[in-house]
Amino acid sequence: MKKILCTLCLGLVSLAASVSAATIELMPEITAITGQGYNSAGRLANNNITAADVKAWLGPAGRADGWYTTTGNGDMGWGSASVNTANQTISLPNMPGTAGVCAGLKMTIENIQAYSGLTFSFSLTPPGTGPTYTYSVWYETTDGDLVELCRGSRGNNASQWNVSYDVTDEQLAAMKENGNGKVYTVIGSSGGTNGNSGTIRDISLEGTLAVPEPATASLSLLGLAALMLRRRRV
C-alpha cells in the first residue's frame, strides 16, 4: 500500500509541475452591430479621442454590452460600420466629407481577479487608398471613470495593420483593484477615397487564467500523500 501511495504521489507531483496557463477568449462574438449617435467633433475617429467621448458614446449605465457603430450621415456627418457575422469581420467604409466612422464594443470581464494577463489584438486590411485608422482600449473604474489601456493610429497605408497589445502587470493590477469589469474598444477611420472600405478581422481580447505555482502545488500534494501514509500506519 505504501508503494502504491508513493507512486500516486509522484505521479500527481509530475502532473502538477506540467500544468500550464489556459488562454480564454473574452470578447463576445459579433452577432450584430447597433447604431448609436454621438457628436464628438470627430474625436472618436482620430487619435484625439478622450475618455469622455468613449464614456458618452458607449458608457451610459443603460447601454447594454455589445457592438456599436456611429450612425451615418444624419448624425453629425458620421459614417456607419457594418458586420459580417459569418466571417466575424467589421467593415469601416471610407466617407470623405464626414467626421469618419467608428465601431465600438462595450463588454464585461467576469471575475477579472482570476486572470494573470490580458492581450488585445486585431488585424485591419485597408483599401488601396485608405484613410487614417485609430484604435483605443479603456476600462471603467468603480467610480465610473474611464482609464486608457492603449491606443494607436496609422495614416494612409495599403498594407495590413496587425495590432497586439499585452496589458502590463501594473495596468492589470489597477483593473483588479479599482475596475468594475467593464472594458471598451473603439476602432475608427476618417478620410480616404469614397466607396472603399477597411476590414477588421481577428479582433480579440484574450485572458490568461492564473494557475497555482508548480512548486506550491507539489508541496501540497506531498503533504497530502504523507498524511495518507500516516493514517495507513495507524
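Bear in mind that the values in this text are calculations on the coordinates, not laboratory data. Treat the numbers as computed from the prediction; the structure is a model and nothing was measured. Backbone-built Cβ (ideal geometry, glycine too); neighbour counts: all protein chains shown.
Compare the peptides 29-37, 91-99 by average per-residue count of other Cβ atoms within 10 angstrom and give them in order, highest first. Working shown, then result.
Working: 29-37: 13.9, 91-99: 20.6.
Peptide ranking by packing, descending: 91-99, 29-37.
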**Q.** Projected area averaged over orientations for the stretch 66-174, convex hull of C-alpha atoms, nm²
**A.** 8.5
